[in-house]
Amino acid sequence: MRKLLTQLLLLLGGVGLVAVLVLGPALRRPYLDAFYARFTAPAAASLVLGTSRAAQGVLPGVLKAQLGGRYAGPWLNYAFTLYQSPYGPAYLASIRHKLNPDTRHGLFVLAVDPWSLSVARPTGAYKPVAFPEDQLMIGQLRQVSQNPNFGYLAHYLNFPLYRALLRDTATATERLQPDGWLEIALPSPSTTPARTRQRETERLATYRQLARTSQPSAARLASLRQLILFLKPHGQVVLVRVPTGAAMTGIESMYQPDFDQLMRQTSASLGVPYLNYAGQPYLTTDGNHLWRGAARAFSTRLAADIGLITK
């Protein structure tokens with residue numbers, strides 16, 4: 001019996017060793033999916049935070065090129081999606097894990113919009129969960145700077161692990177860059193107007209429905225304030241409203257007319273700048289997300305503005 005157990009242990013150990021030798025290099029490639037590299041990157045000192053608008057719209061590499069002499073690195077875009085990373089306790093906890101605790105001169109760009117500070121509206125007997133992201137990736141993954149990140153691979157990879165053996169798991173249009181910027185490689189909207197209008201129509205319909213079923217959240221606003229207070233001893237915090245298409249800006253103005261006033265009050269009370277680019281004429285892929293060329297141009301302007309207001 002003891003001999004059999006020994007043989008089984010040796011067999012399992014051999015299988016594990018082969019898996020590590022075969023999968024290890026694949027799992028350390030720069031791209032695996034739209035999220036993985038952010039959870040394998042080392043703890044960062046300067047962060048871009050928010051939802052998919054920030055994930056696609058703000059390039060840490062551009063900020064670093066213009067502001068790297070003033071703020072500490074590594075630089076990382078640690079923004080995800082509206083459902084994974086609205087402001088709340090789970091996102092705050094994940095950021096605490098991701099930030100290098102020794103950071104004293106970091107830059108923290110916090111993208112804000114009405115949706116990232118909202119919750120589902122109660123209807124009848126239905127009482128929505130206060131922070132549904134607590135049960136999702138951002139709330140459940142504890143190791144966020146581990147390479148390979150086996151916790152993510154075991155629970156959150158959205159395709160079979162054997163595909164990691166392929167040469168490249170990037171899609172034709174989507175690639176997560178090493179600095180955390182999610183590049184969506186669509187053609188310029190000016191060259192594909194019909195397809196862009198179709199995407200925008202679909203996206204706007206989604207957000208009109210979201211406006212009917214959501215409400216601003218005092219609890220999420222409180223979490224944003226807690227995040228700012230946590231980050232301030234580590235460096236410069238800047239609140240940023242990333243530009244969207246005019247129609248999306250209009251939906252948000254109808255949904256929460258006092259949003260910008262609320263952000264100005266929040267920034268003033270906590271002593272951090274607020275930069276509002278709503279309505280600025282940058283090209284989007286769907287009315288909601290900046291086209292990659294516009295994202296680079298916007299990031300260049302954002303870096304210049306931050307450089308001016310934080311001298």
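Listed values, structure above:
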item	result
Residue in region 248-269 that is within 20 Å of Pro187 (Cα to Cα), among the acidic types (Asp, Glu) and surrounded by 15 or more Cβ atoms within 10 Å (Cβ to Cβ) present	no
Residue list for region 157-198, restricted to those being hydroxyl-bearing (Ser, Thr, Tyr), outside any helix (DSSP H, G or I) and either at pLDDT 90 or above or at positive phi (or both)	Ser188, Ser190, Thr191, Thr192
Among the residues listed as Thr266, Thr300, the single one being touching a Lys or Arg at 6+ places or on another chain (Cβ under 7 Å) and either basic (Lys, Arg) or in a helix (DSSP H, G or I) (or both)	Thr266
Residue match in region 64-73 (condition: at pLDDT 95 or above and either buried (at least 24 other Cβ atoms within 10 Å of the Cβ) or within 16 Å of the chain's Cα centre (by Cα) (or both))	no
Residue within region 269-289 that is more than 30 Å from Pro122 (Cβ to Cβ), within 18 Å of the chain's Cα centre (by Cα) and not aromatic (Phe, Trp, Tyr) present	yes
Of all residues in region 41-63 being within 13 Å of Phe108 (Cβ to Cβ) and not hydrophobic (A, V, I, L, M, F, W, C), the one that is farthest from the chain's Cα centre (by Cα)	Ser46
Filtered residue count, region 126-155, keeping only those that are at pLDDT 90 or above and part of a loop (DSSP other than H, G, I, E, B)	11
Pair list, Cβ < 7 Å and 6+ apart or interchain, from region 245-256 residues that are under 14 Å from Ser214 (Cα atoms) to residues that are of a type in the set (Asp, Glu) and at pLDDT 95 or above	Glu252/Asp113
Any hit, region 117-125, residues being modelled with pLDDT of 90 or more, closer than 21 Å to Ala34 by Cα and buried (at least 18 other Cβ atoms within 10 Å of the Cβ)	no
Residue in region 214-221 that is touching a Leu at 6+ places or on another chain (Cβ under 7 Å), more than 30 Å from Pro42 (Cβ to Cβ) and part of a helix (DSSP H, G or I) present	yes
Number of the exception - Pro281 against (1) surrounded by 15 or more Cβ atoms within 10 Å (Cβ to Cβ); (2) over 29 Å from Lys232 (Cβ atoms)	(1)
Matching residues in region 206-218 - criterion: being within 20 Å of Tyr274 (Cα to Cα) and either in contact with a strand residue (DSSP E or B) (Cβ under 6 Å, 6 or more places away or on another chain) or surrounded by 14 or more Cβ atoms within 10 Å (Cβ to Cβ) (or both)	Pro216, Ser217
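Every residue, every condition in (1) assigned to a strand (DSSP E or B); (2) of a type in the set (A, V, I, L, M, F, W, C); (3) touching a residue at least 24 places away in the same chain (Cβ under 8 Å), yes or no:
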{"site": "Leu32", "(1), (2), (3)": "no, yes, yes"}
{"site": "Ala54", "(1), (2), (3)": "no, yes, yes"}
{"site": "Gly69", "(1), (2), (3)": "no, no, no"}
{"site": "Tyr91", "(1), (2), (3)": "no, no, yes"}
{"site": "Thr103", "(1), (2), (3)": "no, no, yes"}
{"site": "Val109", "(1), (2), (3)": "yes, yes, yes"}
{"site": "Trp115", "(1), (2), (3)": "no, yes, yes"}
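The values are calculated or read from the model by the stated rules, or taken from the named source; none is laboratory data. All figures in this text were calculated on a predicted structure; none of them were measured in a lab. With ideal geometry, Cβ positions are generated from the backbone for all residues, glycine too; neighbour counts draw on all protein chains shown.
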